[in-house]
There are 2 protein chains.
Amino acid sequence: MTTHQLPPVCILGLGLIGGSLMRDLHARGERVYGFTLHSARGARREGFDVSNSVEEVLRRAEDERALVVVAVPMRAAAGVLDQVAEYAPSCWVTDVVSVKQPVYDLIVERGMEARYVGGHPMAGTEFSGWTASQEGLFAGAAWAVTYDYAREHPDDASWAELFTTVCRLASVVGAEAVPVSVGRHDEAVARVSHLPHVIAEALALVGDRGGTLAQSLSAGSFRGATRVASTAPELVQNMCETNAESLVPVLDEYIARLQSARDALAATPPSMQELAESGHRAHLRMAARKGARRESVSPVKISSRPVMRVHPGAAGWVTQLTQIESLGGRVEVF
Amino acid sequence: MTTHQLPPVCILGLGLIGGSLMRDLHARGERVYGFTLHSARGARREGFDVSNSVEEVLRRAEDERALVVVAVPMRAAAGVLDQVAEYAPSCWVTDVVSVKQPVYDLIVERGMEARYVGGHPMAGTEFSGWTASQEGLFAGAAWAVTYDYAREHPDDASWAELFTTVCRLASVVGAEAVPVSVGRHDEAVARVSHLPHVIAEALALVGDRGGTLAQSLSAGSFRGATRVASTAPELVQNMCETNAESLVPVLDEYIARLQSARDALAATPPSMQELAESGHRAHLRMAARKGARRESVSPVKISSRPVMRVHPGAAGWVTQLTQIESLGGRVEVF
């Protein structure tokens with residue numbers, strides 16, 4: 001008899017993230033099945049339990065009290081959540097969408113807060129779709145897990161159990177659950193994920209304006225900063241547009257930095273001292289925080305994220321989550 | 001008896017670039033020695049022919065008719081060229097400095113044009129100094145080789161021979177000689193090298209403003225775009241300041257792209273379509289140009305840079321160089 005760590009998991013959408021999640025859960029012996037519109041046949045040929053009928057998988061999820069994972073792009077989330085409401089009205093729901101406020105708005109509109117915990121694995125590649133999915137994608141990655149609902153309902157035992165389950169989902173695939181409120185999540189990913197995408201697209205344009213000579217002379221620094229520009233443009237568009245509220249002020253902050261560097265470089269004599277020194281210090285601080293994990297020579301990766309053990313539902317547990325959030329720490333549920 | 005492909009090579013400055021060049025030439029059996037102020041003892045312990053007296057190595061270079069490679073940061077170039085003028089008045093001179101106009105100005109001031117060919121290997125890591133130097137750093141890299149002098153003096157046989165030697169130097173260490181005029185070089189590297197450094201520093205600052213949570217949630221896109229922010233700040237400062245004339249207009253172009261993306265994102269409804277689509281197209285064009293080299297599964301790397309065989313000094317050779325330059329191609333001398 002196999003012991004499962006998770007309830008059955010029903011994944012809606014099998015692109016890079018949903019597909020990789022299915023592969024990992026399957027490889028670890030968990031019960032997992034899913035829905036995809038276009039890649040069902042290919043996924044079945046590889047031995048996965050996949051349907052192209054969302055109604056069918058959701059009815060089954062309802063029967064089996066599965067955890068439903070919404071893994072479609074933001075623009076498709078409303079329609080999928082409507083189907084969850086119709087066919088799987090008592091299932092727990094989580095998601096892996098890259099912005100959390102717009103998803104939470106849809107959840108609240110549908111009155112699903114008590115059975116929803118938001119998620120966002122901070123992993124990916126510049127490729128997309130089922131064919132790009134891979135085992136091991138989430139190893140060592142942060143998996144943001146939202147807990148806003150618990151602030152209002154710290155004693156909801158069922159929700160606490162759902163929170164535990166989503167943290168365990170992350171853990172089963174090798175990720176680290178980082179508790180975060182919806183608002184702080186969207187602000188943080190605007191800085192460290194969506195801004196780098198905007199930067200990459202604009203840099204690709206400026207590099208391309210330099211023609212074949214510039215391309216021929218480009219090396220590691222250009223390649224590193226433009227790699228994510230090969231992401232499918234509709235995905236970049238979708239994540240930036242749905243997080244525009246957080247991204248616009250971050251872009252303003254970024255443009256102001258560049259503008260002041262530009263003015264210092266246009267002065268006589270030109271100076272880059274301020275940006276070079278403060279940027280380097282900021283980089284060292286960021287690197288130092290993640291130190292241990294990157295430097296370890298042991299095959300067992302040691303996380304640099306501070307860990308805090310939490311018993312969901314116990315007295316003071318939401319205060320603990322808020323403390324972990326402020327440290328970017330990971331939660332270990334017991 | 002060993003056959004050498006190059007005259008003795010005298011490298012002034014043994015940091016990441018100069019040191020790696022010394023290691024490669026030594027490994028290939030060429031005659032190479034050099035000067036460094038701070039790392040001479042360590043380099044000698046590794047078996048390299050290194051002195052901490054610039055006068056000593058330059059007098060030896062003059063005796064042996066060596067090729068002198070100036071591999072110091074731009075701010076030290078004037079002093080070093082003065083010493084070359086004094087102690088090695090008849091040696092050929094090249095350099096590996098990341099900007100070419102300021103070096104050329106120093107060359108012209110000292111009347112050294114007829115014995116100088118500028119160079120710039122487009123390779124590096126985010127580390128610096130002799131201890132960061134490594135064999136193989138230049139494999140497959142472009143090595144920009146300037147030829148402005150030949151436009152005025154296409155029939156100077158000695159200069160043509162020097163040009164041939166510098167191309168061969170690049171080739172011996174596995175790099176590809178890309179002919180380029182001083183002005184076009186500085187404009188192109190502002191786009192594909194100096195701008196990515198500015199971007200990385202500013203992004204590190206904006207990420208760091210997000211605190212430990214943002215750091216914890218940061219992943220590949222952030223890491224890729226900020227990697228070069230760990231470069232020693234004085235090197236970044238030096239290369240950006242000395243290329244300010246080309247970098248400022250490129251920064252203006254970049255900021256304008258970001259500003260218009262910001263405005264479209266702040267509109268109702270927010271849109272990222274234009275930047276996402278045009279940036280992705282630009283990225284595909286850049287990637288397509290370098291296609292073959294990256295996709296090849298053969299252990300023998302196939303360059304995607306178009307190649308043109310040139311006989312330096314032959315009729316029409318400068319016109320050929322201009323054609324290759326416009327294609328970002330590599331030159332093969334015969």
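Looking for whichever is surrounded by 23 or more Cβ atoms within 10 Å (Cβ to Cβ), closer than 29 Å to B:Val192 by Cβ and in the same structural domain as B:Gly129 (by the TED database) here; the options are B:Val108, B:Val70. Which one fits? One residue alone meets the criteria, B:Val70. With the structure loaded, tell me whether B:Ser181 is closer than 20 Å to B:Gly328 by Cα, of a type in the set (S, T, N, Q) and surrounded by fewer than 24 Cβ atoms within 10 Å (Cβ to Cβ) or whether it fails that test. Taking the combined requirement at face value, the residue satisfies it. Modelled with pLDDT under 95, in contact with a helix residue (DSSP H, G or I) (Cβ under 7 Å, 6 or more places away or on another chain) and more than 7 Å from chain A (Cβ to nearest Cβ) - does that describe any residue in region B:232-240? For region B:232-240, residues modelled with pLDDT under 95, in contact with a helix residue (DSSP H, G or I) (Cβ under 7 Å, 6 or more places away or on another chain) and more than 7 Å from chain A (Cβ to nearest Cβ): present. Filtering region A:142-159 down to residues that are more than 13 Å from the chain's Cα centre (by Cα), under 15 Å from A:Met112 (Cα atoms) and touching a residue at least 12 places away in the same chain (Cβ under 8 Å), which residue is farthest from the other protein chains (Cβ to nearest Cβ)? So the residue we want is A:Ser158.
The residues listed here are B:Val198, B:Val228, B:Val178, B:Val182; of these, the one that is at the interface with chain A (Cβ under 7 Å from one of its Cβ atoms), touching a residue at least 40 places away in the same chain (Cβ under 8 Å) and in contact with a strand residue (DSSP E or B) (Cβ under 7 Å, 6 or more places away or on another chain) is B:Val178.
Restricting region A:306-328 to residues that are over 18 Å from A:Trp159 (Cα atoms) and touching a Leu at 6+ places or on another chain (Cβ under 9 Å), the residue that is farthest from the other protein chains (Cβ to nearest Cβ) is A:Met308. Taking (1) closer than 19 Å to A:Ser98 by Cβ; (2) modelled with pLDDT under 95 in turn, A:His38 satisfies each apart from (1). Restricting region B:233-265 to residues that are of a type in the set (S, T, N, Q) and free of Cβ contacts under 8 Å to residues at least 24 places away in the same chain, the residue that is surrounded by the most Cβ atoms within 10 Å (Cβ to Cβ) is B:Gln237.
Out of the residues in region B:253-293 that are at the interface with chain A (Cβ under 7 Å from one of its Cβ atoms) and not in a helix (DSSP H, G or I), which is nearest to A:Arg223 (Cα to Cα)? Among residues in region B:253-293 that are at the interface with chain A (Cβ under 7 Å from one of its Cβ atoms) and not in a helix (DSSP H, G or I), the one nearest to A:Arg223 (Cα to Cα) is B:Met272.
Select from region B:266-279 the residues that are without any contact (Cβ under 8 Å) to a residue 12 or more places away in the chain and crowded, with 22+ Cβ neighbours inside 10 Å and list them in ascending order.
Once the filter is applied, which keeps residues that are without any contact (Cβ under 8 Å) to a residue 12 or more places away in the chain and crowded, with 22+ Cβ neighbours inside 10 Å, region B:266-279 yields B:Met272, B:Ala276, B:Gly279.
Taking region A:49-154 and the strands (runs of 3 or more DSSP E) fully enclosed by it, no element has 1 or more residues that are modelled with pLDDT under 95 and of a type outside the set (A, V, I, L, M, F, W, C). Scanning region B:29-48 for residues that are surrounded by fewer than 19 Cβ atoms within 10 Å (Cβ to Cβ) and acidic (Asp, Glu) yields a single hit, B:Glu46.
The values are calculated or read from the model by the stated rules, or taken from the named source; none is laboratory data. These numbers were taken from a predicted model, which means no experiment stands behind them. Note that we place each Cβ from the backbone using ideal geometry, even for glycine, and neighbour counts take in every protein chain shown.
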